[in-house]
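Here the structure is laid out as structure tokens; the discussion comes afterwards.
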Amino acid sequence: MTTTPEPKTADRKNIHLDLARGPQAQSQISSQFDRIELTHNALPELNFDDVSTACRFLGRRLSMPLIIGAMTGGTDRADAINLTLAKAANAAGVALAVGSQRASIEDGRPQKTIRQLAPDVPVIGNLGGVQLARPDGIDLAKRAVENLEADAIFIHLNPLQEIAQPEGDRDWRGVEAAIAEAVNQLDCPVIVKEVGAGLSASVAGRLKAAGVRMVDVAGIGGTNWTRIETLRREEHADPMTPFLDWGIPTLDAVMAIRDEHPDLQLIASGGIRHGLDAAKAIWLGAELVAAAGHFLRATENDDAQLTPERLASALADWRLQMQMTLFLTGSRDLAAFKRAEGVIDGG
Ligand SMILES: Cc1cc2nc3c(=O)[nH]c(=O)nc-3n(C[C@H](O)[C@H](O)[C@H](O)COP(=O)(O)O)c2cc1C
């Protein structure tokens, strides 16, 4: 049984979904993956069909190192999208992250069907850092994990998005301590992410000190929440203009964290456009990539009707592109690919 959430939340989530699919939601600066050139190998000495993009994540096998990024939940439309994503993720053998579970938990919406439709792949829960820092935050996080039978939980940090939102959270004190508490109290890994403005190496270092072992950079270059919130604002949007493309480009965030904290496990996300970008992120040192907007556009057409066949083919294309990248660099698998020849910025 589902209940209807407070109309304002449902309206906001609907508008977010509509805006996020459009070109105006994209950052005007890039995620920077074009700065990497992998060296073409004209003598691969491999059978293309033997080239494997498989890996393991959270104790489960994936056909490629991909997470369908955290997007939505908590309304009927959002739940339908999540169920479509869950089926597709399981069929394609990729991990699935859901969007913030706060509304679903508060409204008593069950999320077990997502797990039932994706029994073989990692399913990752989601809660905001600010919610985690509230007095009932740890309890909320435990319920989020239980509700979904999740393999891990993403805690998202989105200070820019919240300030750009007229109704957003403004008090960001206590989030770091709450993350440390969550690492201690939850029975599953706590992975910290941004939502498209990036994590710096120094923030990654503070998260490491709080006990976090894996971070998702979610840098700038793809879906842009300052742009989405500014489009949604009816008044007082002008002050946001200088911040429309504020953030750390995904490539820069991955390289900085990899260099300063080689012991942190890294997920690269934010403007990963296709399997070639994804492969480049793995070559740089990320264990996995995540992509949200790209798969949202494949899941719904312009009339907001679900398009599961298009989603399945988008996932198949992504794997083909990763497999091609490995083949064309003479790499039989991901371990070999990490040693493939390539240059950044021509040098
Ligand atoms: C419609 C939509 C809703 C999102 N909601 C959430 C959310 O609830 N929690 C979260 O951590 N990230 C959320 N994100 C952010 C994505 O997980 C991701 O970090 C961001 O979109 C950048 O990746 P992309 O360029 O591949 O879209 C959302 C993204 C989209 C497109």
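The values are calculated or read from the model by the stated rules, or taken from the named source; none is laboratory data. Worth saying up front: this structure is predicted, and the values here are computed from it rather than measured. As a convention, Cβ positions derive from the backbone with ideal geometry for all residues, glycine included, and neighbour counts pool all protein chains shown.
Table for the structure above
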{"read-out": "Residues (in a loop (DSSP other than H, G, I, E, B) and of a type in the set (Ser, Thr, Tyr)) located in region 99-140", "value": "Ser100"}
{"read-out": "Options Leu157, Leu83: the member that is more than 11 Å from the ligand (Cβ to nearest atom) and either under 20 Å from Ala292 (Cα atoms) or crowded, with 22+ Cβ neighbours inside 10 Å (or both)", "value": "Leu83"}
{"read-out": "Given (1) in a loop (DSSP other than H, G, I, E, B); (2) touching a Leu at 6+ places or on another chain (Cβ under 9 Å), number of the condition Asp171 does not satisfy", "value": "(2)"}
{"read-out": "Cβ-Cβ under 8 Å pairs, at least 6 apart or on other chains, region 21-47 side closer than 30 Å to Glu300 by Cα, far side more than 13 Å from the ligand (Cβ to nearest atom) and among the basic types (Lys, Arg)", "value": "Phe33/Lys280"}
{"read-out": "Among residues of region 223-246, those that are over 16 Å from the mean Cα position of the chain (by Cα), within 16 Å of the ligand (Cβ to nearest atom) and not aromatic (Phe, Trp, Tyr), counted", "value": "9"}
{"read-out": "Which listed residue is without any contact (Cβ under 8 Å) to a residue 24 or more places away in the chain, of a type in the set (Val, Ile, Thr) and over 19 Å from Ile36 (Cβ atoms), from Thr307, Thr299", "value": "Thr307"}
{"read-out": "Residues within region 291-310 that are within 14 Å of the ligand (Cβ to nearest atom) and either assigned to a strand (DSSP E or B) or under 22 Å from Ala268 (Cα atoms) (or both), tallied", "value": "10"}
{"read-out": "Evaluation of Ile68 against (1) surrounded by fewer than 17 Cβ atoms within 10 Å (Cβ to Cβ); (2) closer than 30 Å to Asp136 by Cα; (3) within 16 Å of the ligand (Cβ to nearest atom) (one fails), failing number", "value": "(1)"}
{"read-out": "Answer residue from region 173-207, given it is within 17 Å of Leu264 (Cα to Cα) and within 16 Å of the chain's Cα centre (by Cα) and is farthest from the ligand (Cβ to nearest atom) among those", "value": "Pro189"}
{"read-out": "Those residues of region 107-133 which are surrounded by fewer than 16 Cβ atoms within 10 Å (Cβ to Cβ), touching a residue at least 12 places away in the same chain (Cβ under 8 Å) and not hydroxyl-bearing (Ser, Thr, Tyr), in sequence order", "value": "Gly108, Pro110, Lys112, Pro119, Asp120"}
{"read-out": "Residue match in region 213-222 (condition: surrounded by fewer than 18 Cβ atoms within 10 Å (Cβ to Cβ), at pLDDT 95 or above and away from the ligand (no atom under 15 Å from the Cβ))", "value": "yes"}
{"read-out": "Output for region 140-158, where each listed residue is farther than 14 Å from Asn184 by Cβ and not aliphatic (A, V, I, L, M)", "value": "Arg143, Glu146, Asn147, Glu149, Asp151, Phe154, His156, Asn158"}
{"read-out": "Residue selected from region 88-123 under the condition out of contact with any Leu (no Cβ under 7 Å at 6 or more places or on another chain) and not small (Gly, Ala, Ser), by the criterion nearest to Gly168 (Cα to Cα)", "value": "Glu106"}
{"read-out": "Residue that is farthest from Val215 (Cα to Cα), among those in region 141-167 that are in a loop (DSSP other than H, G, I, E, B) and within 21 Å of the chain's Cα centre (by Cα)", "value": "Gln165"}
{"read-out": "Residue in region 35-46 that is loosely packed, with under 12 Cβ neighbours inside 10 Å and hydroxyl-bearing (Ser, Thr, Tyr) present", "value": "yes"}
{"read-out": "Residue check for Ala314: of a type outside the set (Phe, Trp, Tyr), crowded, with 16+ Cβ neighbours inside 10 Å and without any contact (Cβ under 8 Å) to a residue 24 or more places away in the chain", "value": "yes"}
{"read-out": "Check on Leu326, away from the ligand (no atom under 16 Å from the Cβ) and in a helix (DSSP H, G or I)", "value": "yes"}
{"read-out": "Scope region 252-287; condition within 13 Å of the ligand (Cβ to nearest atom) and either crowded, with 24+ Cβ neighbours inside 10 Å or over 15 Å from the mean Cα position of the chain (by Cα) (or both); matching residues", "value": "Ala253, Ile267, Ala268, Ser269, Gly270, Gly271, Ile272, Asp277, Ala278, Ala281"}
{"read-out": "Filter result for Gly93 (of a type outside the set (Asp, Glu), over 21 Å from Leu326 (Cβ atoms) and either modelled with pLDDT of 95 or more or within 11 Å of the ligand (Cβ to nearest atom) (or both))", "value": "no"}
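Conditions (1) hydrophobic (A, V, I, L, M, F, W, C); (2) closer than 30 Å to Lys338 by Cβ; (3) part of a loop (DSSP other than H, G, I, E, B), marked per residue:
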| site | (1), (2), (3) |
| --- | --- |
| Ile228 | yes, no, no |
| Glu235 | no, no, yes |
| Met240 | yes, no, no |
| Met255 | yes, yes, no |
| Arg258 | no, yes, no |
| Pro262 | no, yes, yes |
